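Input: a single structure, listed below in structure tokens.
None of the figures in this text is laboratory data; all of them are computed from the coordinates on show. Just so it is clear, the model here is predicted, and its values are computed rather than measured. Please note: Cβ atoms are built from the backbone with ideal geometry, for glycine as well, and neighbour counts cover all protein chains shown.
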């Protein structure tokens, strides 16, 4: 951890009471839980070559976003060509290869093949358009090469789940007539499949890659530029100043900092590893148990994927699918994200009061106002992005303008200035950060293409509704299970595309608004990062905390319980997503939802002013459900439960305090 320099009052990380697992190697931890961190460390001419390609990729996207995009398919093809080249040069074929090993000759060959197959669409675009639907043998060969190299590149930069899913989709297209009647179709030839996936607009070069090559890349680049200004360090300092002093302050610092980092971060695991290296040891140092500390960081970091404005890039694809301005999706996510983080904050507070934990002494915290005066301007680019979006700019233009604003503002402080060296570093890291998303979007495009070619999505929707017997609540439950299973191990963007294609249509059939249905599957797809047995974010947190992975995973699941109930709430009450809003009912819905989440937190932790008896915890759960379910009668019942438990626990706390006071006097006597 670097020094937190704040004018004359300097706080160094070594002065903080951090104990325990400081020896955790961040690089090794990232490589263990985040496949995208397993890249080669290149030196010499190979390192310079890769750096040059990464800078060229970012420069291409920065230029086109500001001065005019290419045609969608051409833009996507250039984007994919850069991506495949960088993946094969940066990522080894197996994890056994040393990160310091140079690039073997066969990876240069694979990179050349991938670039050639992608750029073939750009070079011969007019010819391909002229003979649309009648591909030549060369067209099909290039398409086959692109499919193979893309699957291999995705396997290297992602876990095997996504390429296996795409390969299964391709096999399903071919063997359709040999499958059981429920999922059978007439089957398609290999040339027909390659043509659909390579030359069509519903396969590799469909909406997912189109969004990746425009909005997503620019927001990732924007995040990289902000990081080079020192925003990440400033967010942790600001969180410490705002919440570090309070009861159980370090856990609240984790919630606040991870939530803020999530506005620009695209990975739950990366978020855990960056902020968690500071917050988890700090939580342990004041008395939180290791598994709880790791779980808090995992839940807070995963919530960053549902936190506007970026939402792990899923918001951009959701906006494209819905055919609405991006700002509508970001706005719809505000209340659910508020409920999610409110629940986590309340639970860490209850746990701290249960254990009698204190905050960090004021003397060891960065002073708020000097911090804001010296570096508060670093938050302005985020404010500017929101302004540009509200002003009607496209997300692409808003990101471009945001980068310009970041550059100008960075020169207000010597420490934050975006010098040419820092800009080059930002462009390199931006390209590296985007290639995982690009591979995922291109590969998952084949899954989407399979759905449009065979009609499987409709069959799955019919199967879910039939299994649920037409019941809305059962359909939601089965869709939740399907989303968690489909989202396991997938990056955020691929996660949403798969779940929205395969699981969301079941909700459409029951009349659930499209925005609510997409948000429902998005939430549960993301929650796979917290759901054992494949809870990657929780396992990364346990690695830093030195705790049992499964115990950390189940604790994270408990802390995120509100995240599992909130989607049901906004499906039954879409007003929480700003659908058909009326002021008074909206205020009532938000207030009762917050109260319901409060009761739910009381139930999960088992503490409020004093220990909550098991039967009161059950009553709190019932009251929470009553408050979360739309309806005046259920709201009144829930409020009644809250008042009853509040009065009972307050009286109990007074009795305990009086007893302790009496015992203290007797001891003194």
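Would you mind calculating the relative contact order of the stretch 33-192 from Cα pairs under 8 angstrom and at least 6 residues apart, reporting the percent as a whole number?
Answer for the stretch 33-192 is 24 percent.
Using helices alone, I'd like the mean residue ellipticity at 222 nm for the chain: each DSSP H run of four-plus residues gives -39500 (n - 2.57), total over residue count, nearest 500.
-22500 deg cm²/dmol
Measure out, as a whole number of angstrom, how far apart the alpha-carbon centroids of the stretch 585-648 and the stretch 299-341 sit.
26 Å
In nm, to one decimal, how far is the residue 647 label point from the residue 181 one, both placed 7 Å along Cα→Cβ?
It is 6.3 nm.
Using a Förster radius of 30 Å, what is the FRET efficiency between residue 611 and residue 472 based on their Cβ-Cβ separation? Nearest 0.05, please.
With R0 = 30 Å, the Cβ-Cβ based efficiency is 0.20.
State the volume of the convex hull built on the alpha-carbon positions of the stretch 520-669, expressed per residue in Å³ and rounded to an integer.
Roughly 152 Å³ of hull volume per residue.
For 548, 529, what ranking results if the residue with the fewest other Cβ atoms within 10 Å of its Cβ goes first?
548, 529
Over the stretch 34-206, what lengths in whole Å, largest first, do the semi-axes of the equivalent ellipsoid take, defined as the square roots of 5 times the eigenvalues of the alpha-carbon gyration tensor?
Listed largest to smallest, the semi-axes of the stretch 34-206 are 30, 22, 13 Å.
Going by C-beta contacts inside 10 Å, put 603, 85 in order with the fewest on the left.
Least crowded to most crowded, the residues run 603, 85.
By how many nm would the segment from residue 324 to residue 137 lengthen if fully extended, with 0.36 nm per residue of separation less the alpha-carbon distance?
Residue separation times 0.36 nm, minus the Cα-Cα distance, leaves 63.4 nm.
Kindly identify the stretch 111-179 as rounded, prolate or oblate by the Cα gyration tensor criterion: order the square roots of the eigenvalues as a ≥ b ≥ c, call it rounded if a/c is under 1.5, otherwise compare a/b with b/c, prolate if a/b is larger, else oblate.
oblate
Cα convex hull of the stretch 294-418: mean projected area in nm², to one decimal?
Projected area, direction-averaged: 10.2 nm².
Could you tell me whether the stretch 432-580 comes out rounded, prolate or oblate from its Cα gyration tensor? Rule is a ≥ b ≥ c as square roots of the eigenvalues, rounded for a/c under 1.5, then prolate if a/b exceeds b/c, otherwise oblate.
The shape class here is oblate.
How high is the relative contact order of the chain, in percent, counting Cα pairs under 8 Å that sit 6 or more residues apart?
17 percent
Could you give me D for the stretch 217-263, from Stokes-Einstein at 25 °C and 0.890 mPa s, where the hydrodynamic radius is the Kirkwood radius over C-alpha pairs? Units µm² s⁻¹, please.
Answer, rounded: 221 µm²/s.
Using only the Cα atoms of the stretch 582-669, build the gyration tensor, take square roots of its eigenvalues as a ≥ b ≥ c, and label the shape rounded, prolate or oblate: rounded if a/c is under 1.5, else prolate if a/b is larger than b/c, else oblate.
prolate
For the chain, how big is the tail of P(r) above 44 Å, as a whole percent of Cα pairs?
Here the tail beyond 44 Å accounts for 22 percent of pairs.
Between 0 and 90 degrees, rounded to the nearest ten: what's the tilt of helix 137-157 against the longest Cα principal axis of the chain?
Approximately 20 degrees, to the nearest 10.
Hey, how many Å between the Cα centroid of the stretch 59-76 and the Cα centroid of the stretch 511-570?
Their Cα centres are 35 Å away from one another.
Cut-off is 10 Å between beta-carbons; in what order do 349, 79 appear when sorted fewest neighbours first?
349, 79
Can you give the angle from 0 to 90° between the axis of helix 420-454 and the longest principal axis of the chain, with both taken from C-alpha atoms, to the nearest 10?
Here the helix axis deviates by roughly 70 degrees.
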